[in-house]
Amino acid sequence: MFLNNEDLSFKYIIRKPKKSKDNYSLFLMIHGYGSNEKDLFSITKDIPENFCVISIQGNYSIEKGKYFWYHIDFSNKEKFVHVLQAEKTIEKINHFINEVINKYQLNNNNVWLCGFSQGAILCYAISLENIKVKKSIILSGYLERKIIKKNSILNKNLEFFISHGKNDLIIPISWAKKSLNILKKKGIYSYSFKEYDSGHFLCNSNYEDLINWIKEKNF
């Protein structure tokens, strides 16, 4: 069901939790550049039913059905990210997290994030500054230091699932590996990094490893 909620910061689709539990956790999905909220939502069928799964739609539009979170200059790696737009989007997503936690009475201290490509870049930034986030899934993304707040309190109580295709031509796997070194320098070592013989997409073995990790960490 697609919800056009004017009282919340983003348009989104939702799968409400089904299993009986006192405090349901938010599982927030952030799609990639040029995609939409339905993309990652397809994996919901394999996500444990104690999660409240929400997938949000990008706040900028290329055309109908294709959205993004901030402009990208594909011709200039030095200005690859529109920093100001990205920072505003991060702030808006953090606010949205508070909105849906309050609206659906979710656990305030166990947020999961899942992002692909541009969405994964945002997941990195949000996870590092939002202490409510405990698990972060980074699919074919990298840690962009330009959008990490230098003076914010670092959220070190994190676990990451990080995966990348060896043949990714959009975001090179070297960027993903460099991100691991940045995490270590920040004192974050709780991550699972997996690489696959694939391009800029979620291959079958990646999907299986992802779902197994979610189920393993869901306690």
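The values are calculated or read from the model by the stated rules, or taken from the named source; none is laboratory data. Keep in mind it's a predicted model, so treat the numbers as computed, not measured. Every residue, glycine as well, gets a Cβ built from its backbone with ideal geometry; the counts of neighbours run over all protein chains shown.
When the residues of the stretch 60-86 are narrowed to those that are assigned to a strand (DSSP E or B) and among the hydrophobic types (A, V, I, L, M, F, W, C), which ends up surrounded by the fewest Cβ atoms within 10 Å (Cβ to Cβ)? Filtering first and then ranking leaves ILE62. Figure legend. Inter-residue proximity from the stretch 173-199: first residues aliphatic (A, V, I, L, M), second residues surrounded by fewer than 17 Cβ atoms within 10 Å (Cβ to Cβ) and in a strand (DSSP E or B), beta-carbon distance below 8 Å, spacing 6+ or different chains. Indicated pairs: ILE173/GLU195; ALA176/PHE193; ALA176/GLU195; LEU180/TYR191; LEU180/PHE193; LEU183/TYR191. The strands (runs of 3 or more DSSP E) located wholly in the stretch 132-219 that include 1 or more residues which are among the basic types (Lys, Arg) occupy 133-139, 191-196.
The condition (being closer than 16 Å to GLY119 by Cα and modelled with pLDDT of 95 or more) is satisfied by just one residue among ILE47, ILE56, ILE72, ILE14: ILE56.
Based on what the data block shows, is ALA125 free of Cβ contacts under 8 Å to residues at least 40 places away in the same chain, surrounded by 14 or more Cβ atoms within 10 Å (Cβ to Cβ) and under 16 Å from GLY32 (Cβ atoms)? Steps first, please.
Working: free of Cβ contacts under 8 Å to residues at least 40 places away in the same chain: yes; surrounded by 14 or more Cβ atoms within 10 Å (Cβ to Cβ): yes; under 16 Å from GLY32 (Cβ atoms): yes.
Yes; evaluated as a whole, the condition is true for this residue.
Residues in the stretch 132-152 that are farther than 26 Å from ASN167 by Cα, among the hydrophobic types (A, V, I, L, M, F, W, C) and either under 13 Å from the mean Cα position of the chain (by Cα) or modelled with pLDDT of 95 or more (or both): VAL133 only. Among the residues of the stretch 38-59, those identified as in contact (Cβ under 8 Å) with a residue 60 or more places away in the chain and either more than 14 Å from the chain's Cα centre (by Cα) or not in a helix (DSSP H, G or I) (or both) are ASP46, ILE47, PRO48, ASN50, PHE51.
Among the residues of the stretch 96-120, which ones are in a helix (DSSP H, G or I), more than 20 Å from ILE211 (Cα to Cα) and in contact with a strand residue (DSSP E or B) (Cβ under 9 Å, 6 or more places away or on another chain)?
Filtering the stretch 96-120 for residues in a helix (DSSP H, G or I) gives 96-104, 118-120.
This time we only want the ones that are more than 20 Å from ILE211 (Cα to Cα), so: 96-104, 118.
Across the stretch 96-120, the qualifying residues are PHE96, ILE97, VAL100, ILE101, TYR104, GLN118.
None of ILE56, ILE90 is surrounded by 13 or more Cβ atoms within 10 Å (Cβ to Cβ), under 18 Å from ALA120 (Cβ atoms) and in contact with a helix residue (DSSP H, G or I) (Cβ under 6 Å, 6 or more places away or on another chain) except ILE90.
Within the stretch 19-37, the set of residues being farther than 15 Å from ASN110 by Cα, assigned to a strand (DSSP E or B) and small (Gly, Ala, Ser) comprises SER35 only.
Within the stretch 195-210, if we keep just the residues that are more than 17 Å from SER117 (Cα to Cα) and surrounded by 13 or more Cβ atoms within 10 Å (Cβ to Cβ), the residue that is farthest from the chain's Cα centre (by Cα) turns out to be SER205. Across the stretch 59-94, the number of residues qualifying as closer than 20 Å to LYS135 by Cβ and not polar (S, T, N, Q) comes to 2. Checking the stated criteria, LEU180 turns out not to satisfy the condition of being within 15 Å of the chain's Cα centre (by Cα) and surrounded by 15 or more Cβ atoms within 10 Å (Cβ to Cβ).
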